[in-house]
Amino acid sequence: MGLGPTEVVILTGAGNGIGLAITKGLLKSAKVAHIVAVDLQTRQLEILEKDSAGRLHILQGDVTQNKTNEHAVQLAVEKGGQINSIILNAAVVRPIGPLATLALDDWKKTFDVNFFSSIDLIQQALPELRKVNGNILMTTTRVCWSPTESWTCYASTKAVVNYFCSCLPLEEPQVRSIAISPGAVATENMAGITKDPGFSKNISQFLQDLELSGKLLSPDQPAAAFVKLVEDGVSEEFNGKSVNWDQVLGIGKTQTWRQS
């Protein structure tokens, strides 16, 4: 007989888009015992919670606030007795526009959400992750793999995430880390930015063409990569790497950040 579900997961940015798809995937997994889902928007999570058999625990809060991350760690340990994986998915894509037009405070707010909130949660969860040789999964983007315009702030935050991920194996050998790019996904967030006036004409046209092409991914597709990593753990091959979602599932061309 199997031991039943054992994995305890903290997921930020769980309430919509890719995060919500990851939540649904984790709930379907026979290996996942408890999920602490963190977001400011919890309406969709509350619907899932009703049929989760006590496995989904919602924490409404701002990840840039230390108390939110502290509570997430406490809740995971209280409900599951351990923390096997944390998924750092909370992010914002704005401000959008040329450097000269963007306020410094807006840059700082974006870095707070996209990077510094992750540092805080990692630091708080590390003692538990070390005990079980746990996993740190981060959402990144291929936007930062090459120079871009208009999206410089967002791309810069994710480039920092990629570098940080590459350093973690050196400092925390008991923990595995990976940054996953989900690709261009059909989410409300994506729909809301394609016509943002801050984009240059070239970027705006590219995004609109992509939306009309029908090539946007379903959120379920990249979400499956995150679920697989929770179930199986981050392999040595991917430890510290920034990769595409399809590489995790074994269906994509091998390419990692810092490769052309």
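The values are calculated or read from the model by the stated rules, or taken from the named source; none is laboratory data. In this text, all values refer to a predicted model and were calculated from it rather than measured experimentally. We place every Cβ from the backbone using ideal geometry, glycine too, and count neighbours over all the protein chains shown.
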Selected residue (only one of Glu171, Glu211 is among the charged types (D, E, K, R) and modelled with pLDDT of 95 or more): Glu171
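In the stretch 29-57, how many residues are more than 17 Å from the chain's Cα centre (by Cα) and part of a strand (DSSP E or B)?
First, the residues of the stretch 29-57 that are more than 17 Å from the chain's Cα centre (by Cα): 29-34, 43-44, 46-57.
Adding the requirement that they be part of a strand (DSSP E or B) leaves 32-34, 56-57.
Residues flagged as more than 17 Å from the chain's Cα centre (by Cα) and part of a strand (DSSP E or B) within the stretch 29-57 amount to 5.
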So Ala72, is it in contact (Cβ under 8 Å) with a residue 40 or more places away in the chain and more than 29 Å from Pro147 (Cα to Cα): yes
Some residue of the stretch 75-87 being surrounded by 16 or more Cβ atoms within 10 Å (Cβ to Cβ) and free of Cβ contacts under 8 Å to residues at least 24 places away in the same chain: no
Filter result for the condition that a residue is modelled with pLDDT under 95, of a type outside the set (S, T, N, Q) and in contact with a helix residue (DSSP H, G or I) (Cβ under 9 Å, 6 or more places away or on another chain), over Val63, Val93, Val77, Val38: Val93
The stretch 1-22 residues that are farther than 19 Å from Asn135 by Cα, paired with ones that are of a type in the set (Val, Ile, Thr) and modelled with pLDDT of 95 or more (beta carbon under 6 Å, 6 or more apart): Gly15/Thr42
Residue check for Ile136: under 27 Å from Val32 (Cβ atoms) and in contact with a strand residue (DSSP E or B) (Cβ under 7 Å, 6 or more places away or on another chain): yes
The stretch 96-127 - residue that is surrounded by 12 or more Cβ atoms within 10 Å (Cβ to Cβ) and of a type in the set (Asp, Glu) and, of those, nearest to Leu40 (Cα to Cα): Asp112
Filter result for Thr141 (without any contact (Cβ under 8 Å) to a residue 60 or more places away in the chain and under 17 Å from the mean Cα position of the chain (by Cα)): yes
Number of the exception - Asp220 against (1) over 24 Å from Gln174 (Cα atoms); (2) at pLDDT below 70; (3) not aliphatic (A, V, I, L, M): (2)
All positions within the stretch 225-245 that are buried (at least 18 other Cβ atoms within 10 Å of the Cβ) and either of a type in the set (Phe, Trp, Tyr) or part of a helix (DSSP H, G or I) (or both): Ala225, Phe226, Val227, Leu229, Val230, Phe238, Trp245
Number of positions in the stretch 130-168 that are over 24 Å from Leu207 (Cα atoms) and surrounded by fewer than 23 Cβ atoms within 10 Å (Cβ to Cβ): 9
